[in-house]
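Read-outs throughout are calculated quantities, based only on the coordinates presented, and are distinct from any laboratory measurement. From a predicted model like this one, the values you see are computed outputs, not experimental measurements. In this analysis, Cβ positions are derived from the backbone assuming ideal geometry, glycine residues included, and neighbour counts consider all displayed protein chains.
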Amino acid sequence: MSNDPVDTAPEDERSAFEKAQEEQEDVDPRTIPQKLDGEPPIGDEIEYPDHSDEDHETWRLLVERQMDQLPGRACEAYMNGQDALQIEADRIPSLANLSRRLHDQTGWKVANVPGLIHEKDFFTLLSERKFPSTNYVRGRDELDYTPAPDCFHDMFGHMPMLTQPDFADFYQMFGQAALNAEGADRPRLERFHWFTVEFGLLREQGEKRIFGAGIVSSNEEVTHALSDEVTLHPFDPEHIVEKDDYEVYNLQDELFVLESFEQLVDGFESWTSSQGLL
Ligand SMILES: [Fe+2]
């Protein structure tokens, strides 16, 4: 597998994300993956940064805006995950504390990474049940959207779902499969990640609920994803992995709906074994 997918993937093996990146005129340096220099700090090794008051205030604003919308829209597992992790509303949480609480729930730990990292480093950490997270928050001018990773997306968007046992197992399996993937299976897995981990919906007691980190951490997507403007498809790994026309920089116009998190595990397991990836 290539270490540098953005520059070297052949035309027909690029994902929608890779294509969109290549078409950008001015590439934001924060969106260029960096190679990790050795193992990043894990769990209790992670120091709490000296965040400015303005950064804590940005965090507080981001949490407040999302919490006005999430109850009744986010799935139960996500809301329970927030409680289990005790994600603070008024200050940027400590990665070491989140890691400890996450470990108590499902055995995952947090790794502190400097930003977007090379996919091999990313998948290796996932395969070891370590979630790569940044520890800095976006600027005040990027409250609605940032193309770069930040700790609001990582902590608030991703971590609560890692307390759900099936999702937690699936995500480790995803890392293992992605390390084994070559050629066209790489963008296929990226699409799978996009439509589940980032933009997945779940049917719960007959209602659509959100669980994808890209939705729960975006002010506009929370209501848009559940609106009539979005075309919904039943969760189907074969359909997802071939879907190469998704929106990267705009609101999503098509999404997939899971019936349960067991369906995610079973569907992923059978697709990856049919491809010889696990
Ligand atoms: Fe994400």
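Rank Tyr145, Tyr78, Tyr171 by mean-square fluctuation in a GNM of the chain with C-alpha springs under 10 angstrom and give only the top-ranked residue.
Tyr145
Cα extents of segment 174-272 along the three principal axes, largest first, in whole Å?
Dimensions of segment 174-272 along the principal axes of its Cα atoms: 36, 31, 21 Å.
What does the charge add up to near His158, with Lys and Arg as +1, Asp and Glu as -1, over the other residues with Cβ less than 12 Å from its Cβ?
Numbers: positive: none; negative: Asp150, Asp154, Glu198.
Result for the local shell: -3.
FRET efficiency for Glu128 and Asp245, Cβ-Cβ distance as r, R0 = 35 Å, nearest 0.05?
Calculated value: 0.60.
Could you list, bin by bin from short to long, the percent of Cα-Cα pairs of segment 101-163 in 10 Å steps?
Distribution as computed: 21, 51, 24, 3 percent.
Where does the chain land on Rg/Rh, using Cα atoms and the Kirkwood Rh?
My calculation of the ratio gives 0.93.
As a check on your grasp of the helix formula, calculate [θ] at 222 nm for the chain: sum -39500 (n - 2.57) over DSSP H runs of n ≥ 4, divide by the residue count, round to the nearest 500.
It comes out at -11500 deg cm²/dmol, rounded to the nearest 500.
Could you order the peptides 97-104, 86-93 from most to least packed, using the average number of other C-beta atoms within 10 Å per residue?
97-104, 86-93
With θ set to phi - 60° and the Karplus curve 6.51 cos²θ - 1.76 cosθ + 1.60, what are the ³J(HN,Hα) couplings of segment 81-90 in order, to the nearest whole Hz, using x for Gly and Pro?
x, 4, 5, 4, 7, 6, 5, 5, 8, 10
If you average 1/r over every pair of different alpha-carbon atoms in segment 115-208 and take one over that average, what Kirkwood value in Å do you get? Before the final figure, lay out each step's value.
Values: mean 1/r = 0.0686 Å⁻¹.
Value: 14.6 Å, from the Cα pair sum.
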